[in-house]
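S.K.: Got a structure for you, written out below as structure tokens; questions coming shortly.
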Amino acid sequence: MRKKIVAGNWKMNNTITQTNTLIDGLKTELKETTLEDTRVIIAPSFVNLQQAVVATEESVIEVSAQNMHQSKNGAYTGEVSAEMLSSIGIETVILGHSERRTYFNETDQSLAEKVATAIEEGFEVIFCFGEQLEDREGENHFNVVKKQLTEALFGLAPEAYGKIILAYEPVWAIGTGKTASADQAQEMHAFIRKTLSEKYTDSVANNVSILYGGSVKPNNAKDIFSKPDVDGGLIGGASLKAVDFSEIVKAI
Ligand code: 13P
């Protein structure tokens with residue numbers, strides 16, 4: 001059965017001191033919380049990952065990277081490989097975030113390579129995708145999402161989905177304070193599951209966790225998480241405050 005997951009994408013925020021303070025805060029806030037079937041993941045920036053791994057030892061918090069390169073090693077100045085990440089205890093990576101697509105020209109084709117490398121290297125992938133505002137306004141959002149999934153993920157063998165977490169993040173809802181309604185999220189998540197079941201099997205579709213991301217806050221998390229096909233959230237801004245992120249975790 002699929003897991004509930006609340007993941008915090010810290011993006012390009014937090015120095016080493018702020019990283020330690022935020023992790024301490026999260027540990028305190030979540031101390032008394034029983035998390036049965038829920039995973040809590042944070043994704044600090046590369047430079048703070050190793051410290052985050054150390055600081056979260058013996059806590060419920062897992063640590064993910066925000067990106068990685070598709071090659072195993074080589075002349076790629078400024079890039080980070082899967083092997084480097086696993087050597088410091090990282091086993092999860094976010095790939096395909098809309099900010100990487102927009103500012104760093106990542107495409108579904110290059111993401112297909114990244115996802116393949118990550119899976120080959122034994123990583124779990126939090127794969128982000130979602131439509132732009134004009135796609136939604138033009139009622140083209142289902143087509144866009146299906147194309148993203150097809151091009152970046154549908155070359156994978158069904159077994160790979162044991163290591164895939166999907167994060168539907170409509171671009172118009174990221175950092176805008178404008179969240180998709182719980183019904184809009186449910187509608188898209190159900191469509192994603194149907195698309196997976198058509199391409200693979202019902203079992204693949206039903207076992208993949210699908211997170212919603214885009215302006216999830218303590219005051220709207222419960223509503224969004226109440227939907228049957230929403231298995232949790234990928235949180236940006238609100239993951240930078242221990243109290244807010246913990247409240248979102250508790251809302252699941
Ligand atoms: P916000 O929660 O700040 O809208 O960001 C969502 C996001 O991009 C998570 O990856």
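Coordinate-derived values only; no laboratory data. What you see is a predicted model; the values in this text were computed from it and never measured. Cβ atoms come from the backbone with ideal geometry, glycine included; neighbour counts cover every protein chain shown.
S.K.: Applying the selection to segment 155-181, what residues are in contact with a Cys (Cβ under 9 Å, 6 or more places away or on another chain), within 11 Å of the ligand (Cβ to nearest atom) and either among the hydrophobic types (A, V, I, L, M, F, W, C) or part of a helix (DSSP H, G or I) (or both)?
M.R.: Ala167
S.K.: Within segment 156-181, count every residue that is touching a helix residue (DSSP H, G or I) at 6+ places or on another chain (Cβ under 6 Å) and surrounded by fewer than 16 Cβ atoms within 10 Å (Cβ to Cβ).
M.R.: Residues meeting the conditions: 1.
S.K.: If Gly130 satisfies all but one of (1) on the phi < 0 side of the Ramachandran plot; (2) within 16 Å of the ligand (Cβ to nearest atom), what's the number of the condition it fails?
M.R.: All conditions pass for Gly130, except number (1).
S.K.: Give, as residue ranges, the helices (runs of 4 or more DSSP H) completely inside segment 182-230 that count at least 3 residues that are surrounded by fewer than 17 Cβ atoms within 10 Å (Cβ to Cβ).
M.R.: Result: 182-199, 202-207.
S.K.: For segment 68-100, name all the residues that are more than 19 Å from Leu153 (Cβ to Cβ) and of a type in the set (A, V, I, L, M, F, W, C).
M.R.: Ala75, Val80, Met84, Leu85, Ile88, Ile90
S.K.: Another question about this same structure. Looking at this structure, is Thr195 among the polar types (S, T, N, Q), within 15 Å of the ligand (Cβ to nearest atom) and more than 13 Å from Ala7 (Cα to Cα)?
M.R.: no
S.K.: Report, by residue number, each residue of segment 59-82 that is out of contact with any Phe, Trp or Tyr (no Cβ under 9 Å at 6 or more places or on another chain) and of a type in the set (Val, Ile, Thr).
M.R.: Val60, Ile61, Val63, Thr77
S.K.: A further question on this structure: May I ask you to say which residue of Ala152, Ala118 is over 19 Å from Tyr200 (Cα atoms), under 16 Å from the mean Cα position of the chain (by Cα) and not in a strand (DSSP E or B)?
M.R.: Answer to the selection: Ala118.
S.K.: Which residue is nearest to Glu29 (Cα to Cα), if the candidates are limited to segment 222-252 and must be in contact with an Asp or Glu (Cβ under 7 Å, 6 or more places away or on another chain) and within 14 Å of the ligand (Cβ to nearest atom)?
M.R.: Per the criteria, the residue is Ala238.
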